Amino acid sequence: MRPQERGARLAGLAELPVARPTNPLAGVASYINKTMVIAEVEARKLRHDPTELLTRAVQPALWLLVFGQVFTRTRAIPTGNLSYLDFMAPGILAQSVLFIAIFYGIAIIWERDLGIVHKFLASPTPRSALVLGKALSAGIRALSQALIIYALALLMGVKLNWNPLNLIGVILLVLLGSAFFSTFSLIIACLVKTRERFMGIGQVLTMPLFFASNAIYPISLMPTWLQVIAHINPLTYEVDGLRALMVMGATSTYPVGLDIAILVVAAAILVFIGGKLYPNVVV
């Protein structure tokens, strides 16, 4: 988005009247409207650099094409009635979502340096709506990765489930996972406030979150201490739900409804915390 276009959008946001709703529904509608404006502003950035989505897909593609193919042949990891490639594909989708979302917070630091955050804070938009709008835009980026992973998985013979309800569930889980990790990233950015520290922390967190989950091997294979971490890792519940919905014949360790509920609650808590901390990025 060109600077003048972004400025126009932000100016329009600042001119939105301060909501003094006469009923709760009006307040909810105003909140949703402002959230969607923020999400639209963020999503439009993709129009000017769509190559980012392709470069982000290189790493998960390599995991599927190399790691998945090798371990499917060795049969070293027990995956029940699923081939290892079928078992792994949902985990790689979750990995792709994680890797995109966990570095999303660096944009907040750039926006602060450019003075954009000050304009957001000067608007009457609730701070949580600012955070939630950014989380939704991260979800849009993640959905583009889901399309790429689905295409690769189809070409490699993964038995995908094309039931419309299952596809809707996959979309929901991708959006929730992206919202959680992008908001987590934003909170880190608000605390560390510098690009160098943020990148260091982001790189430290990504691989432990990935390996301490059920993305590429069952939790039952982990040592006890790692199983405890896996059970409190939100990525585990995202992968669990994706595996049950995405692959034919796959089952979930937990009920899919529980996977979704945990991600909804976790994301809501982080959006609330992020809304409180968001002004700190300029302090």
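What follows is calculated from the coordinates using simple rules that are stated; it is not laboratory data. If you're wondering where the values come from, they're calculated on a predicted model, not measured in any experiment. Cβ coordinates were reconstructed from backbone atoms using ideal geometry, including for glycine residues, and neighbour counts include every protein chain displayed.
Tabulated data for the structure shown
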item: C-alpha center-to-center spacing [region 148-198, region 94-139] in angstrom; result: 16
item: Axial C-alpha extent at least 30 Å, average Kyte-Doolittle at least 0.5 - helices from the chain (DSSP); result: 127-155, 164-192, 256-277
item: Gain in span if fully extended, Lys276 to Ile232, counting 0.36 nm per residue against the direct Cα distance; result: 13.5 nm
item: Segment Thr251-Leu62, length gained on full extension (0.36 nm per residue, minus Cα span); result: 65.5 nm
item: Under 30 Å between alpha carbons - lysine pairs in the chain that sit 8 or more apart or on different chains; result: 15
item: Charge dipole magnitude, Cβ of K and R +1, D and E -1 - region 28-282, Cα centre, debye nearest 20; result: 340
item: Cβ-Cβ FRET estimate between Asn161 and Asp113, R0 fixed at 51 Å, reported to 0.05; result: 0.70
